[in-house]
1. Taking only the range 49-73 into account, find how many residues are within 25 Å of residue 34 (Cβ to Cβ) and in a loop (DSSP other than H, G, I, E, B).
2. Within the range 3-27, can you find the residues that are loosely packed, with under 15 Cβ neighbours inside 10 Å, touching a residue at least 12 places away in the same chain (Cβ under 8 Å) and part of a loop (DSSP other than H, G, I, E, B)?
3. Pairs needed: first member in the range 39-68, more than 14 Å from residue 7 (Cα to Cα); second member anywhere, modelled with pLDDT of 90 or more and outside any strand (DSSP E or B); C-beta distance under 6 Å; at least 6 residues apart or different chains.
4. For the range 66-76, enumerate the residues that are surrounded by fewer than 14 Cβ atoms within 10 Å (Cβ to Cβ) and at pLDDT below 90.
């Protein structure tokens, strides 16, 4: 599936009563050819739960299909209750490739 977003549902964001420092999470997608695509580092907070991380695609390259999500964090206090992968329901790479750099793809319209 061609990913549009990674959705992470938190049970605990890594903060405690003693230490209120927020934790980060590093997110990577692994494609069907074992390529790794970094989605960067994201700050965890139960205030923004679930955490929705958008996936950007380079339209000058072939789209990749995601087979796995790799999450990395450094706190024993982080608890994840679920991870989801959102894909495009109406994914049309031909139409998307016709968009100009200042246009936004709209699957319900022409662009």
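1. Let us first name the residues in the range 49-73 that are within 25 Å of residue 34 (Cβ to Cβ), namely 53-73.
Retained after the next criterion (residues that are in a loop (DSSP other than H, G, I, E, B)): 55-65, 73.
Selection size over the range 49-73: 12.
2. Across the range 3-27, the qualifying residues are 16, 22.
3. Hits for this filter: 65/32; 67/32.
4. 74, 76 - these are the residues of the range 66-76 that are surrounded by fewer than 14 Cβ atoms within 10 Å (Cβ to Cβ) and at pLDDT below 90.
The values are calculated or read from the model by the stated rules, or taken from the named source; none is laboratory data. Please read these numbers as outputs of a predicted model, since none were measured by experiment. When we count neighbours, we look across all protein chains shown, and the Cβ atoms used for this are built from the backbone with ideal geometry, even at glycine.
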